[in-house]
Amino acid sequence: MEFKRITSPSLKKLFVQQLQDMILSEQLPIGSKLPPERELAETMHVSRAVVNGGIAELAKQGFLEVRPRQGTFVADYRREGNISTLVAIMEYQGSSLGKDEIRSILEIRWGLEHLAIKKAVESASDDDIADLGKLLEALSIAGTPEDAAAAAFAYQRRLSFIGGNSVLPLIYSSFKAPVITLWIRFCRLYSIQALYNNTKELYSYIARRDLDGALKWVDKYLSEAIEGTQQIYVEK
């Protein structure tokens, strides 16, 4: 067995992560101007090369805008972002996301689940649906919110796969970090049992190939998470 060398993140990566955190948590609001590179380097105890490279990376990701002779500003990444912006947001630790970002993730999940369920009900084999039920069993015995969130994600990703759309599972995977964080939060607020009950109810419709019932159930429990009695915007 070969053990790999353990390496720490580069200073540039740490710089990028810190500014991403400040932007996504709105400590650095959209439109705000960053201090000059020399000042940032002195304040953060890194070289100007680290700052310059980090700013270039954040600009590529859509978080910063470098304006010649004016300075560097926080970009309106929600309007002007790109696929790199989306990937960075999806990899960001969702516990610090603002209400708007959480709501947006839930709304996107709403659309994805409609597509995944429709494809599964119409195209998945009986064996595929039975295997999906085995993943539901893993959720039923989860002992911690973290275990429950991991089991729920495995269930949802498998659901996205069995319908036969080859791109949908990749999209689900890009949402893994924030979605798991939100499920952990849900379990802490409302219990693992509540997450299991929601998932089990959905599975019962899928197993019967009741598309209308499944979609109505998704509409119900996600609307509760966004606007109703099981909101997950604020941790208790």
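Some values worked out for this structure:
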{"quantity": "LEU159 vs. criteria surrounded by 19 or more Cβ atoms within 10 Å (Cβ to Cβ), modelled with pLDDT of 90 or more and within 23 Å of VAL87 (Cβ to Cβ)", "calculated": "yes"}
{"quantity": "Matching helices (runs of 4 or more DSSP H) fully within segment 25-131 where at least 2 residues are surrounded by 15 or more Cβ atoms within 10 Å (Cβ to Cβ) and among the β-branched types (Val, Ile, Thr)", "calculated": "48-60, 83-91, 99-123"}
{"quantity": "Residue among ALA88, ALA49, ALA59 that is touching a residue at least 24 places away in the same chain (Cβ under 8 Å), at negative phi and not hydroxyl-bearing (Ser, Thr, Tyr)", "calculated": "ALA88"}
{"quantity": "So ARG209, is it modelled with pLDDT of 95 or more and outside any helix (DSSP H, G or I)", "calculated": "yes"}
{"quantity": "Qualifying residue in segment 165-175 (condition: part of a helix (DSSP H, G or I), under 30 Å from ILE83 (Cβ atoms), of a type in the set (Val, Ile, Thr) and touching a Pro at 6+ places or on another chain (Cβ under 8 Å))", "calculated": "no"}
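The values are calculated or read from the model by the stated rules, or taken from the named source; none is laboratory data. Just so it is clear, the model here is predicted, and its values are computed rather than measured. Cβ coordinates were reconstructed from backbone atoms using ideal geometry, including for glycine residues, and neighbour counts include every protein chain displayed.
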